[in-house]
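Note sheet for the following structure.
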Amino acid sequence: MSIPELIVQNWSRLLGGLAMTVELTIISLIIAAVLGLTFGLLSVSKKKTLRAIALVYVDIVRGTPLLVQAFFIYFGIPAALGLRLDPNMAGIITLSMNAGGYLAEIFRGGIESVNKGQMEAARSLGLPYSLAMTKVILPQAIRTMTPALINQCIITLKDTSILSIIGIQELTQTGRLIIANNYQAFEMWTIVAVMYFIIIMILTKISKRIERKMSYGKSKN
Amino acid sequence: MGKVKIKNLKKSFGDLEVLKDINLEVHEREVICIIGPSGSGKSTLLRCINALEVSSSGTIEVDGNDITNAADNELNKYRQNIGMVFQQFNLFPHMTVLENISFAPVALKLKTKKEADEMSLKLLRRVDLEEKANIYPEQLSGGQQQRVAIARALAMNPDVMLFDEPTSALDPEMVGEVLNVMKKLAKEGMTMIVVTHEMGFAREVADRVIFIDEGFIVEEGPPQEVFGNPKNQRTINFLNMVL
């Protein structure tokens, strides 16, 4: 069968796989954003213990392969605790924890890139640290962070493919299952790759637009 | 009664003792200019007054409130009463000029947005920048930014204003406009502590000039005395270099 015929024949399965990929990405990124912001804030704290907690988390995430993290969460923890974990749940936990670690570093970098005088100016007006952080520092940090944030979104989307190994029916796993029936590896992997490529290109385009809109002031005038 | 009372203040950064036993009392409506060579501790002294630097020992009272032993939430309250103007302006780049000024009173729920904006416009009129209300700081010159920064500090209606070398980062032609705003403020009776290299300003506006060197107050007095008839050899040497 030719590629167009394969697309027509497997359209709904492929779309289903893509939908799962996108769903996993979005849910994981939302949780990861909360984790990243939390641990990012811990890592710029004045308190040593809080910084240490953030450091340990980030080091563990960066110091181990995603695949090992997935196995640890899907096979390791349930084995130790004697419970069963739904693969989708394990996948979301893995991706969230993983992206959360990288996002924490991105948040830390973004916050540290804001001039120290900004925090001092806000505090000198009588603002508590939390208000100064949320209203003065973070809005500026997020502007500089935008490219790195988008990059992490794309990486997390691609990382979902690794979760095919624990049996989640996302796009890559769907491709493998189809090939198991029709043996047309070249054509099917081409289709799968193009699908990833298109979705990531769309994401890149949207993010470029957001980035442009966020440059200082100009948009409001 | 003194507006600002500093007793036996010491401040070290690691092994480096920057302030060694500073005693200073600033009275209501008084304008103090602090002069001295770079590294003498004058900026550190100013930053201790609103606890941007935590002092190592001694006490600082502002309006009778002990700054040095204040809990976080008390300190936030005390700071509302102490305006500060920085060398690098430190305006918030993601806010318009008006938002910069209205920001703190609104964020601290002291004023509604509308009340704050009205007040901000009045303050902008005072620093002669009313027409710049809706643009962003990066589109202003240094002198204009510093005038906005003064208006921002005034928005909290402070009793004391601290100026940390407010004209040192400015091009020479913009120094005058900032100093004029400060002169006006002094005339209106604001209590001001100004760290400055502008000897002309100190001579003209200060009620008292403080010369700091190596962490001590070496000499203090009315400007005509300190500039006209300095007694300490270090003051004489410093003035010879800068005048």
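Laboratory data are not the source of any read-out in this text; all were calculated from the coordinates shown. Not measured: the values here are computed from a predicted model. Using ideal geometry, Cβ is built from the backbone for each residue, glycine included, and neighbour counts are taken over all protein chains shown.
With respect to chain A, whose longest principal axis is taken over its alpha-carbon atoms, helix A:138-159 is tilted by about 20°. For every other residue with a beta carbon closer than 13 angstrom to the beta carbon of A:L95, add +1 if it is Lys or Arg and -1 if Asp or Glu, then tell me the sum. Around A:L95, the charge tally is -2. In this calculation the C-beta distance from A:R176 to A:R212 is compared with R0 = 41 Å, giving a FRET efficiency of 0.60. Using every Cα-Cα pair within region B:128-242, state what percent have a distance larger than 19 Å. For region B:128-242, the share of Cα pairs beyond 19 Å comes to 52 percent.
Each eigenvalue of the Cα gyration tensor of region B:1-120, multiplied by 5 and square-rooted, gives one semi-axis; in descending order these are 29, 17, 14 Å. Taken over chain A, the convex hull of the Cα atoms encloses 146 Å³ per residue. Angle of helix B:142-154 to the longest C-alpha principal axis of chain B, folded into 0 to 90 degrees and rounded to 10: 90°. Ellipsoid semi-axes for chain B, based on the Cα gyration tensor and the rule √(5λ), read 30, 22, 15 Å when sorted largest first.
A crude spin-label estimate for the pair A:T64 and A:S2, with each label 7 Å from Cα along the Cβ direction, gives 4.9 nm. For chain B, excluding the exposed loop sites themselves (GluC sites (Glu not before Pro), DSSP loop, at most 14 other Cβ atoms within 10 Å), the longest remaining stretch covers B:29-187.
At 37 °C and 0.692 mPa s, grab the translational diffusion coefficient of region A:81-155 from Stokes-Einstein with a Kirkwood Rh over Cα pairs, rounded to a whole number in µm² per second. Answer, rounded: 227 µm²/s. Spin-label model, B:K10/B:K77: points 7 Å from Cα along the beta carbon direction are separated by 3.1 nm. For the protein assembly as shown, the Kirkwood hydrodynamic radius from C-alpha pairs, put into Stokes-Einstein at 4 °C and a viscosity of 1.567 mPa s, yields a diffusion coefficient of 50 µm² per second.
What is the distance in Å between the Cα centres of region A:118-186 and region B:27-64? Distance between centres, Cα-based: 45 Å.
When the Cα convex hull of region A:159-201 is projected onto planes of every orientation, the mean area is 2.9 nm². Of the cross-linked pairs B:K42/B:K111; B:K11/B:K231; B:K3/B:K113; A:K135/B:K183; A:K135/A:K158; B:K42/B:K184, those separated by over 29 Å at the C-alpha level are B:K42/B:K111; B:K3/B:K113; A:K135/B:K183; A:K135/A:K158.
Across chain B, the relative contact order, built from alpha-carbon pairs under 8 Å that are at least six residues apart, equals 26 percent. Between B:Q224 and B:S57, the FRET efficiency estimated from the beta carbon spacing at R0 = 35 angstrom works out to 0.50. Each of B:K113 and B:S141 was given a label point 7 Å from its Cα along the Cα-to-Cβ line. The distance between the two points is 3.3 nm.
Enumerate the residues in region B:177-197 having an amide nitrogen under 14 Å from the point lying 7 Å beyond the Cα of B:D159 toward its Cβ. Residues B:190-192 qualify, since their backbone N sits under 14 Å from the label point. Estimated from helical segments only, the mean residue ellipticity of chain B at 222 nm is -11500 deg cm²/dmol, where each DSSP H run of four or more residues counts as -39500 (n - 2.57).
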